[in-house]
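All remarks here apply to the structure that follows.
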């Protein structure tokens, strides 16, 4: 017996986005381009964030030493008050290392995806992609699908017409 798909809001959002991407990009070529654009946008954004964070860190170090926050005073340290600057600096360094790893993985994925662009298929195969896409992710606003959804789930998907 197949397991029912998860109904949590995150999974439902994923299913909707998954289906939308198939509906709007139903050919091999469109999927290639979509994935390439998504990869490049991810790399661009992650790289820019890393640059901005590095600039912030460099500016903070130039202004006041190795940490952007003042160190705890000896009185606070003696009273058992922890110095928050060290854990924050460690968390920042870990985040930067994680972003560098993400970028390295994205570069690896880019190298693999370049091989995908070597594949070209005849129009008959592209048409098969379109057919299967229609089966996998039919139009959610199709009147028949909305009526079926209303019957199955008893939710008002269409406004009542009087």
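The values are calculated or read from the model by the stated rules, or taken from the named source; none is laboratory data. The shown structure was predicted, so the numbers you read here are calculated from the model rather than taken from an experiment. As a convention, Cβ positions derive from the backbone with ideal geometry for all residues, glycine included, and neighbour counts pool all protein chains shown.
Structure notes:
- Residue list for region 99-119, restricted to those being under 22 Å from residue 21 (Cα atoms) and in contact with a helix residue (DSSP H, G or I) (Cβ under 8 Å, 6 or more places away or on another chain): 106, 109, 110, 113, 116, 117, 119
- Only one of the numbered conditions (1) surrounded by 12 or more Cβ atoms within 10 Å (Cβ to Cβ); (2) at pLDDT below 65 is not met by residue 156, and that is (1).
- Residue match in region 16-29 (condition: more than 28 Å from residue 114 (Cβ to Cβ) and either at pLDDT 90 or above or within 17 Å of the chain's Cα centre (by Cα) (or both)): yes
- Cβ pairs under 8 Å, 6+ apart, first in region 1-22 and closer than 19 Å to residue 135 by Cα, second modelled with pLDDT of 90 or more and surrounded by 12 or more Cβ atoms within 10 Å (Cβ to Cβ): 21/34; 22/133
- Of the criteria (1) modelled with pLDDT of 75 or more; (2) out of contact with any helix residue (DSSP H, G or I) (no Cβ under 8 Å at 6 or more places or on another chain); (3) exposed (fewer than 13 other Cβ atoms within 10 Å of the Cβ), which one residue 54 fails: (2)
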